Amino acid sequence: MNIAARALLVSLLLAGTSAVVTGCNTKKDIDITKLGVDTDPPELLYNQGLANIKAGNMAEAGKKFDAINQQQPFSEWARKAMVMSTFVKFRTGRYDDAVQTGNSYLRQYPASEDADYVQYLVGSSYAKQIVDITQDQRAAQQTIEAMSKLVTNYPKSQYVSDAQEKIRFARDQLAGKEMQVGRYYLERKDYLAAISRFRIVVEKYPTTNQIEEALARLVEAYYAMGIVPEAQTAAAVLGHNYPDSRWYSDSFQLLKKGGVEPSENSGSWISRAGKKLLLGT
């Protein structure tokens with residue numbers, strides 16, 4: 001039975017459900033989800049799944065691919081079906097299911113020709129779940145871990161470039177979260193707690209889009225505590241790396257009001273972190 005015929009049969013069965021229940025309530029129920037699935041060969045199911053994807057019927061496509069894995073697990077058709085099942089779940093927004101199926105595939109077939117693509121789908125599924133920095137950033141960390149596996153394990157993959165972009169975005173998010181918490185403490189004059197958060201950004205996320213503000217906030221926090229040499233060092237590192245930054249301008253003016261200027265203390269942790277900025281690490 002071809003796809004169109006089966007679709008017509010299912011639609012007719014669904015349309016006539018009430019009549020069947022009323023007129024045939026003494027007969028055994030028929031599970032329409034099993035019609036044809038148990039007997040169709042895997043190659044046919046696979047091609048039907050592809051046809052459903054092309055037609056935009058992702059839900060039906062997923063059923064076809066999952067049926068293959070249930071019928072003939074660990075077969076070559078099951079391997080291919082797992083790849084497509086991961087894709088379908090990703091495209092339909094079932095990200096947790098995509099991760100589960102994808103990771104199952106990678107455990108079974110880590111060296112297969114499609115492993116890099118499945119790893120990319122797993123990472124992309126995490127990336128789709130990244131939320132704004134006011135919320136938990138677990139998905140950002142998971143994105144970094146998954147995409148780093150792609151870059152490390154499959155360095156020649158065509159998906160490496162996009163994986164690296166997603167890693168950068170996720171790192172920006174993690175740094176942004178630290179900055180949000182640090183600003184919270186700074187506004188409440190809990191300077192030590194604020195500094196600890198800004199320090200994480202400077203030391204752990206120096207190449208993110210948060211680094212300029214993090215250094216400027218260190219200037220602000222240290223200056224407010226009266227630890228002027230550290231404030232001067234933070235400003236000096238900021239100015240050396242980002243001389244045209246508005247954050248440096250603000251920091252310079254803050255120190256100027258106190259009668260001091262940016263001046264780097266080579267013994268400071270900020271100075272050591274600044275050297276890494278120059279290296280781009």
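Some notes on this structure:
- The listed residue being touching a residue at least 24 places away in the same chain (Cβ under 8 Å), out of contact with any Pro (no Cβ under 9 Å at 6 or more places or on another chain), among the polar types (S, T, N, Q) and open to solvent by less than 60 Å² (accessible area, probe 1.4 Å), out of Ser245, Ser251: Ser245
- Residue within the range 91-100 that is on the phi > 0 side of the Ramachandran plot and either of a type in the set (Phe, Trp, Tyr) or outside any helix (DSSP H, G or I) (or both) present: yes
- Taken together, the criteria place Asp96 among residues that are under 12 Å from the mean Cα position of the chain (by Cα) and open to solvent by 30 Å² or more (accessible area, probe 1.4 Å).
- Test: residue in the range 69-88 that is touching a helix residue (DSSP H, G or I) at 6+ places or on another chain (Cβ under 6 Å), within 29 Å of Ala127 (Cα to Cα) and at pLDDT below 95: yes
- Test: residue in the range 140-153 that is among the hydroxyl-bearing types (Ser, Thr, Tyr) and under 19 Å from Tyr205 (Cα atoms): yes
- Enumeration of residues in the range 149-197 that are open to solvent by less than 60 Å² (accessible area, probe 1.4 Å), in a helix (DSSP H, G or I) and farther than 26 Å from Ala221 by Cα: Leu150, Val151, Val160, Asp162, Ala163, Lys166, Ile167, Ala170
- Of the residues Ile68, Ile133, the single one that is free of Cβ contacts under 8 Å to residues at least 60 places away in the same chain, within 29 Å of Lys204 (Cβ to Cβ) and not polar (S, T, N, Q) is Ile133.
- From the list Glu113, Glu43, the one residue that fits, being assigned to a helix (DSSP H, G or I) and of a type in the set (Asp, Glu), is Glu43.
The values are calculated or read from the model by the stated rules, or taken from the named source; none is laboratory data. All figures in this text were calculated on a predicted structure; none of them were measured in a lab. For neighbour counting, all protein chains shown are included, and Cβ atoms are generated from backbone atoms with ideal geometry for every residue, glycine included. In case anyone asks, the SASA skips ligands and DNA or RNA and just uses the protein heavy atoms, side chains included. Shrake-Rupley method; radii C 1.70, N 1.55, O 1.52, S 1.80 Å.
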